[in-house]
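Some notes on the structure that comes next.
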């Protein structure tokens, strides 16, 4: 039964390599989803079913959706429709689809094994995980909540579109407006080519 | 029902981490850099899970939860920075943003 682990590992490595070498962000994100699903299957093999579920929900779900939102936001324009046509060609789905098919075959195999653990050693039960999380690691949970709050406030502050009158005010104060970071960037001849 | 040796799990984590590190060092598009950072964080979490599996303790999985929280906060702030970068420079090349203006 270790074959499930090894096949998932190979799929994870192939998908990750394809993700970081891809030229198109959306195609790379497709490969990254497959990579996270493969790692989730590795977690399940290693006796961590709760973590496997969280990997699928948070990594392959929420974080990838954030990436896709940003990729879509940055491409608003006339060429967006053409780009969408180029991104959703059928050829792009072959690689991630084949790798995901390997993973779903493994999942079906695991389902028909009718056992809760694949390898030696019993899996960590969710109750045990929760008891430890809210017992000795209570301080860590509090710190994680503060990290999430800081991330929320930071993302709101950075992602907010500045009002034009605010930048105008900053520009009219020559002494302090230089380093405040609020003014628009000086127009420089910026090389528009995105590094590949 | 053979158990998986700890070394093989750590090798998988090391390979994934190295792939992410290569992505951070080589790519110049900031979206791909953030994506490679996610791969690296995921690989470090995998190392925690392998250690927890080796000793059958839930501590490794709890540390993975903390890594997961940190990754979620990091990627939200990072993508907000991507939006600001694109708004200021109209490009996603991180070499453009290599100078500080104080």
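The values are calculated or read from the model by the stated rules, or taken from the named source; none is laboratory data. Only a predicted model underlies this, so the values are computations on that prediction, with no experimental measurement involved. For neighbour counting, all protein chains shown are included, and Cβ atoms are generated from backbone atoms with ideal geometry for every residue, glycine included.
Confirm whether residue A:13 is buried (at least 22 other Cβ atoms within 10 Å of the Cβ) and in a helix (DSSP H, G or I). Please lay out each step first, then the result.
Values: buried (at least 22 other Cβ atoms within 10 Å of the Cβ): no; in a helix (DSSP H, G or I): yes.
Here the answer is no, as residue A:13 does not meet what is asked.
A quick yes/no check of all residues on (1) modelled with pLDDT under 55; (2) facing chain B (nearest Cβ under 9 Å); (3) more than 29 Å from the chain's Cα centre (by Cα); (4) loosely packed, with under 11 Cβ neighbours inside 10 Å:
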position	(1), (2), (3), (4)
A:127	no, no, no, yes
A:145	no, yes, no, no
A:151	no, yes, no, no
A:164	no, no, yes, yes
A:176	yes, no, yes, yes
A:185	yes, yes, yes, no
Check: If a residue has to be facing chain A (nearest Cβ under 7 Å) and either within 20 Å of residue A:28 (Cβ to Cβ) or surrounded by fewer than 21 Cβ atoms within 10 Å (Cβ to Cβ) (or both) to count, how many in the range B:47-57 make the cut?
Finding: 1
Note to self: Would you confirm whether or not the range B:81-100 contains a residue that is over 22 Å from residue A:17 (Cα atoms), buried (at least 18 other Cβ atoms within 10 Å of the Cβ) and more than 7 Å from chain A (Cβ to nearest Cβ)?
What the structure shows: yes
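Is it fair to say residue A:88 is at pLDDT below 85 and buried (at least 17 other Cβ atoms within 10 Å of the Cβ)? Step through it out loud before you land on a result.
Numbers: at pLDDT below 85: yes; buried (at least 17 other Cβ atoms within 10 Å of the Cβ): no.
No; evaluated as a whole, the condition is false for this residue.
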Next item on the list: Of the conditions (1) modelled with pLDDT of 80 or more; (2) touching a strand residue (DSSP E or B) at 6+ places or on another chain (Cβ under 8 Å), residue A:196 clears all except one; give me its number.
Entry: (1)
Checklist line | Answer from B:77, B:24, B:33, B:11 - the residue that is at pLDDT below 95, facing chain A (nearest Cβ under 7 Å) and out of contact with any strand residue (DSSP E or B) (no Cβ under 6 Å at 6 or more places or on another chain) | finding: B:77
Margin query: Please count how many residues of the range A:100-114 are touching a residue at least 24 places away in the same chain (Cβ under 8 Å) and under 16 Å from residue A:6 (Cα atoms).
Written below: 7
